[in-house]
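Notes follow once the structure below has been shown.
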Amino acid sequence: MKRTLLTLSLAVIFSGSLYSTNVDAALDTVQPQVDYTEMTSQRQVVDQLLNDAYQVFKNPSRISHAGFTAKMPSNMEMITNRLLEAYQLEPYRVDLLFSAANAQIYNSNVDRAIELFTQILSVAPDDVDAHSYLVIWQNFKGNKSEVTRHLTALEQLNKGRVADLKKIMSTIDRIVETPLSNTIKKQGKGKNAIITLGYALNPDGSMNPILIDRLNATLDMAKKNPNSYIVVTGGVPKNHKTEGKLMTDWLVKNGIDASRIIEDNYARSTVENALYSSYALARHNIDHATIISSASHVRRGQALFEVASWQTGPKGITFDTYSANDRPLEELKVPTDKELLGIYRDALRVYGMWSYRSYPLEQR
């Protein structure tokens, strides 16, 4: 009798009455073909749904431009559906709602994400992370009264979180209001560094022209600032090569002393660029660093390095940027909503709020 009831409940969930399956039908080449009603326990079904979400997340379909790499929106919709189907069976698993909401952030559907974060508060009205996400995304939407409401709630729960969120928002405001620059500058007194962010290699392991453009700027700045350390960061391998290693080889070949170069071959994203390289800045007690990346990417890079440095130090470090010309700077004078979304999203990840928190789909 118990299995019969479970089968009936699953049949209702997967009949499409709760969630649209149009996206699934269009993309069933990347979804496992599983008959959930043949499973014998609720735990099995939930585990399978989460595994399905994870497999879709790992699907190689990606988009990339000027350093921005993210899963295809259709993948995100499928992930959201699987997570919400699991939540119907486990209504106390608010981790599933957090993961689904953040999948919608990656899908650029902030309104849907806000609905899901709000749903978490209907289960756990004092959840600090849910209030925190709502502060950031209501701020992104320009809903100041909602920002105030959630900050007020957080004041009673975690005053430190309130201070951190205000600092994140003010930092991003300052960065996006600062004009982009493609001028090679002489750095000031103290210990300085140049940080060059990697860009996805070609399938054969060669460097994309966008990355070479960043390296040319790095070379010019390194010559103008001969005492500065140079941090090269990027670790997504292609044909057994990484961005960090190829960038180092290129700079050495073009006359830069290898002893100046700090090489990161592990970072797989801008978030990890900031998290990993911030420790190099701390170890060498850097006072100021210039971040070199494409114009459409460099503001995100600066925001993430600033947030990362709050946790690692060195205390008082400052950053500026050089914008390689992937697009005319005048076109990028005002950041698009898509760029701002990426900045806010990844700043929260660097801060320590994991996007996905439902095993096996876990990612900072």
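Please sort 220-228, 336-344 by packing, taking for each peptide the average over its residues of neighbouring beta carbons within 10 angstrom, highest first.
So the peptides 220-228, 336-344, ranked by packing, come out 336-344, 220-228.
Along the charge dipole of region 105-206, pointing to its positive end and built from +1/-1 on Cβ of Lys, Arg, Asp and Glu, which listed residue (L201, S181, Y106) has its Cα farthest out?
Going by the Cα projections, it comes out as S181.
Can you bin region 192-332 into rounded, prolate or oblate? Criterion: square roots of the alpha carbon gyration tensor eigenvalues sorted a ≥ b ≥ c, rounded for a/c under 1.5, prolate for a/b above b/c, oblate for the rest.
The shape class here is rounded.
Taking other Cβ within 10 Å of each residue's Cβ, how do F319, F117, F305 sort, fewest first?
Lowest count first: F319, F305, F117.
Please give the peptides 122-134, 90-102 ranked by average Cβ packing (other Cβ atoms within 10 Å per residue), highest first, as a rough proxy for protection.
Sorting 122-134, 90-102 by mean packing, highest first, produces 90-102, 122-134.
Taking the Cβ-Cβ separation of T148 and I212 as r and a Förster radius of 41 Å, what is the calculated FRET efficiency to the nearest 0.05?
0.30
Using 0.36 nm per residue of separation minus the Cα-Cα distance, give me the extension gain between Y92 and K333 in nm, one decimal.
Full extension from Y92 to K333 adds 82.3 nm.
Each residue of region 329-342 in turn: what ³J(HN,Hα) in whole Hz from Karplus with 6.51, -1.76, 1.60 and θ = phi - 60°, glycine and Pro shown as x?
Per-residue couplings from phi come out as 4, 4, 5, 9, 4, 10, x, 6, 4, 5, 5, 4, 4, x Hz.
Aspartates and glutamates near K253 by alpha-carbon distance under 19 Å, same-chain residues fewer than 8 away left out - which ones?
Reachable aspartates and glutamates: D213, D220, E243, E263, D264.
Output the antiparallel fraction of DSSP beta bridges having both residues in region 192-332, as a percent to the nearest 5.
Roughly 5 percent of the DSSP beta bridges within region 192-332 come out antiparallel.
By count of other Cβ within 10 Å, fewest leading, how are I291, I195 ordered?
I291, I195
Every number here is computed from the coordinates shown, using simple stated rules; none is lab data. Computed from a predicted structure; not experimentally measured. Neighbour counts are summed over all protein chains in view; Cβ atoms, including those assigned to glycine, are modelled from backbone coordinates with ideal geometry.
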